[in-house]
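First the structure, in the form of structure tokens, and then the observations on it.
The values are calculated or read from the model by the stated rules, or taken from the named source; none is laboratory data. Please read these numbers as outputs of a predicted model, since none were measured by experiment. Here the Cβ positions follow ideal geometry from the backbone for every residue, glycine too, while neighbour counts run over all protein chains shown. In case anyone asks, the SASA skips ligands and DNA or RNA and just uses the protein heavy atoms, side chains included. Shrake-Rupley method; radii C 1.70, N 1.55, O 1.52, S 1.80 Å.
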Amino acid sequence: MPNVFNYVFGFRATPLKFGVGATELLGKEAKKLGINSTLIITDSTIYETTDVIKRVTESLEKEGIKYDIWKELKGEPTEEDVINALDYAMKKDFDGFIGVGGGSSIDLTKIVDACYTYKPSSFKDYLAKPYGKGEAIPGPIKPLIAIPTTSGTGSETTRAAVIITENAKATAYDDFIMPRLAIIDPLNTITMPPKVTAGTGIDAFTHALEAYLAKPTHLIPPGSIVTGSNSLIDLISEKAIELVGKSLRVATWDGKNLDARSDMALAAYLAGIAFDSAGLHVVHSVGQAVGAIKGISHGISVGLFVPAFLEVVAPICPEKTARVAKLLGKDIKGLDKREAAFLASEAVRELLKDIGFPNGLSEFDVKEEEIPKFVEESIRRPRVNSPVAILPEVVEQIIRKTMKLW
Ligand SMILES: [Fe+2]
């Protein structure tokens, strides 16, 4: 057992207002943060097809806060989106920003706010190498309030922002772009269609799972950007896993069910806290690599690889993997640890099937000759927190097991 005094870990989370109707608090909370004139950044679907922005602006108007809306985002934020939104912002004086939407809108708001505040020569200065200069954001950005409309990325409580540049996903990673406040109102998520609910919900699940199964903190090299798992991460990620197991099916197929939507919204926030510290590893490495090559959306592309990952990790971390099975509702009484651990993979397969997931990579026209490329891309990024070395043979095994899930 490690001596707990031999290592140090941190903890960070965005302050939160959570609950049905929480959006009504926006105006008052913005005032407390000193916001009198704000730019709302959102996507065209949220703006045109939901009443979320109406709720947001009504609350701002009640407090006499001036606002503008940039609503041109159409998918994951690209270089062009950053330039256009920033151009729009620069024409006026804003003392705060509000990101409304999925992780895409919130990530874009983080970058726009940082650039608005510090005016770098290019926004790419803040993106990690090789896509940008990897420069640190010089200090606090203008107060940023995140209002998620999906329950997946956890962007409302992370220090990351992902921008598509040169056909790759580049990340800005800095404590200063963490939102100052998250307003999570399950009412803002009820119009999410089943496919989006399933994909984003599994993304949140994967964040919690990878955080939970990450190497423990005392085995992570000092100075790493991630902490790996520890007792605090375990506590948070176990709850997120349990909430997803309990409510993702209902949230997917009965979208107006506010109990299920509340569980999923909380799960995504908790999972965001957990992975922002502990870090992601195998599933996101493989999922993002294959997803980028085959054009599969983020949640689906990571979710597909979870069952195979759990099979690989079951004999390595049997105790924790068995706990995952239990949290997902499997009866593990009387089973030895190893048997119980293998039920986790089964539980996730059942969940994926129930929420309408594609039955493996075979549904995406994957050819045998593409596998070496998937492997090569998956192992590109080192992951010091991975419970299993991300070797070509491990990744290949995971990919082959994912061709058909049931
Ligand atoms: Fe993710």
Top-ranked residue of region 286-301 - restricted to ones that are within 11 Å of the ligand (Cβ to nearest atom) and in contact with a Ser or Thr (Cβ under 6 Å, 6 or more places away or on another chain), ranked as nearest to ASP354 (Cα to Cα): GLY299
Candidates ARG338, ARG261 - the one that is part of a helix (DSSP H, G or I), open to solvent by 10 Å² or more (accessible area, probe 1.4 Å) and assigned by TED's automatic domain parsing to the domain that holds GLU370: ARG338
Filter result for the condition that a residue is within 11 Å of the ligand (Cβ to nearest atom) and within 26 Å of ARG338 (Cβ to Cβ), over LEU280, LEU304, LEU310: LEU280
Selection status of LEU243, without any contact (Cβ under 8 Å) to a residue 12 or more places away in the chain, away from the ligand (no atom under 16 Å from the Cβ) and not in a loop (DSSP other than H, G, I, E, B): no
Failed item in (1) over 17 Å from VAL395 (Cβ atoms); (2) open to solvent by 50 Å² or more (accessible area, probe 1.4 Å); (3) more than 16 Å from the ligand (Cβ to nearest atom), with GLU368 passing the rest: (1)
3 or more residues closer than 17 Å to ILE398 by Cα and open to solvent by less than 10 Å² (accessible area, probe 1.4 Å): qualifying helices (runs of 4 or more DSSP H) within region 293-335: 298-303, 306-313
